[in-house]
Every structure is written in structure tokens, then in C-alpha cells.
1. Can you give the charge dipole size of the chain about its Cα centre, rounded to the nearest 20 debye, using +1 on the beta carbon of Lys and Arg and -1 on the beta carbon of Asp and Glu?
2. Using Cα pairs under 8 angstrom and six or more residues apart, how large is the relative contact order of segment 7-101, in percent?
3. Convert each backbone phi in segment 64-76 into a coupling constant with the Karplus relation 6.51 cos²θ - 1.76 cosθ + 1.60 (shift: θ = phi - 60°), then list the ³J(HN,Hα) values in order as whole Hz, x for Gly and Pro.
4. Quick one: plug the Kirkwood hydrodynamic radius of segment 123-191 (C-alpha pairs) into Stokes-Einstein at 10 °C, 1.306 mPa s, and report D in µm²/s.
5. Given a Förster distance of 30 angstrom, what is the FRET efficiency for residue 60 paired with residue 125, based on the Cβ-Cβ distance and rounded to 0.05?
6. Quick test of your reading: applying the under-4.7 Å Cβ rule, which cysteines of the chain are isolated?
7. When Lys and Arg each count +1 and Asp and Glu each count -1, what net charge do the other residues less than 9 Å away from residue 171, Cβ to Cβ, add up to?
8. Which residues' amide hydrogens lie under 5 Å from the amide hydrogen of residue 74, considering only partners 5 or more residues apart or on another chain, with H built in the peptide plane?
Amino acid sequence: MNKMEAIRARHSVRRYKDQSLDAKTISALRVEILSCNRESGLNIQLVVNEPKAFDGFMAHYGKFSGVKNYIALIGKKGPDLDEKCGYYGERLVIKAQQMGLNTCWVALTYSKVKTAFQVEKGEKLCLVIALGYGETQGTAHHSKPMDKVARAEEPLPEWFRSGMESVLLAPTAMNQQKFLFTLKGDRVSAKAGLGFYSKVDLGIAKYHFELGAGRENFMWD
């Protein structure tokens, strides 16, 4: 599937089969992670065959089961860390979906296993993405009407509408969708609202917008 097909097919999955990732899949994920790290300056890491992070009370409270693989989103502390983690994390989510894997963004309902990944001095673990073969393909989430998250001074051009349709398929913390995209000419601004992990959500949404709208059609403001 292409990236837009992956966006439409992707839903959050919390229950996973007892099926290991094969060497080819692990290698492909690590290549994509390396590319993301080079572009962003992040220190994203893939953790495989590590069940402890999702074996505690919080994970069971979050209704997770069978999670043994995850992506740790790590980077240097700073005001742009959350948005970067959202943007590049979602790039990896879509890549995983294209490879036949399922995923779920996880902010709080996991345990930090310090031996599973490395957080260097000055860095922070932002959140993780559960990864594997889901027991199901998940279900679609409810979306806000487009006019609640988009503003424009003129009738919406098709590329902007396509971008916003992609945005409305983006996962957000507690399905809050607290962001606003504004169009002026060919320039688009995107702002995060107040809410848990809203800057992570903004990064995810901006990645979706770029895929839906086409980077050749606009400039970020």
C-alpha cells in the first residue's frame, strides 16, 4: 500500500499476537529510524522482544496485551521535542502499516525499562509506539468536522481540503484533535491547542497534512 492507503488503514491496536518480528522487518524499520534520526537529530530507538514495559499495572489498565516490541521516541530536551517526536514517530507508524504491522501511540501506560534503550545526557524519553501484529486491525476514531480545525479566507483549494482530510485521520491523545490549520494564499500555519501531548499531536497532524496536501502545493508559515 502507498502512504495514503496506510493512513486510511491505520487504527490504534492494543492487543497483539505472539508473533515475532522477522530479521527483514527489523532491518527495514531500523533503516527508516536511522533516516528519521539523521533528518531530525532525534535518538529514536527500536526495542524488540522486550515484554516488561507492557507487563505492569498501567499497561493492563490501558488494555494492552502481547506487546513485546516498541519504538522509543527520544531526543534532546527543548521546546520542539514533542512536535518532532510526533512528526517522525508518525512517519514510522505509517511505514510500519505499509509493512503489515500494527501500532499504537503510548504516552503513560507503560513502564520505563532502562536497559531496553539509551537516553543520553540532556535527552528525554518523550513517549513510545507499541508495534507488532495485532489481534485485530483496530477501529476508526470519531473526527471533528473540518471547519472546527481549519480556517481559510477563501474557498478551500482541493489540495488543502485533501490535507485536512488526512489530518482528521491522525491519531491524537484521547482523540482530542486540539489543533488549528490556517490557510493564507499558499502558506499554511498549524498551531497546537491546550491539552495533554497536544504538541506531539500537532507533529503527527503536520505529517498527515503534508502527505494529503502534497509538499509542492504549500509552504509552512
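The values are calculated or read from the model by the stated rules, or taken from the named source; none is laboratory data. Fair warning: this is a prediction, and the values are worked out from it, not measured in the lab. Every residue, glycine among them, receives a Cβ derived from its backbone with ideal geometry; neighbour counts consider all protein chains shown. Areas reflect the complete protein model, heavy atoms only, side chains present, ligands, DNA and RNA absent. Shrake-Rupley method; radii C 1.70, N 1.55, O 1.52, S 1.80 Å.
1. 560 debye
2. 33 percent
3. Rounded to whole hertz, the list is 8, 8, x, 7, 10, 10, 7, 9, 9, 8, 10, x, 5.
4. 111 µm²/s
5. So, using R0 = 30 Å, E works out to roughly 0.90.
6. 36, 104, each lacking another Cys Cβ under 4.7 Å.
7. Around residue 171, the charge tally is -1.
8. Under 5 Å from the amide H of residue 74: 43, 44, 45, 126.
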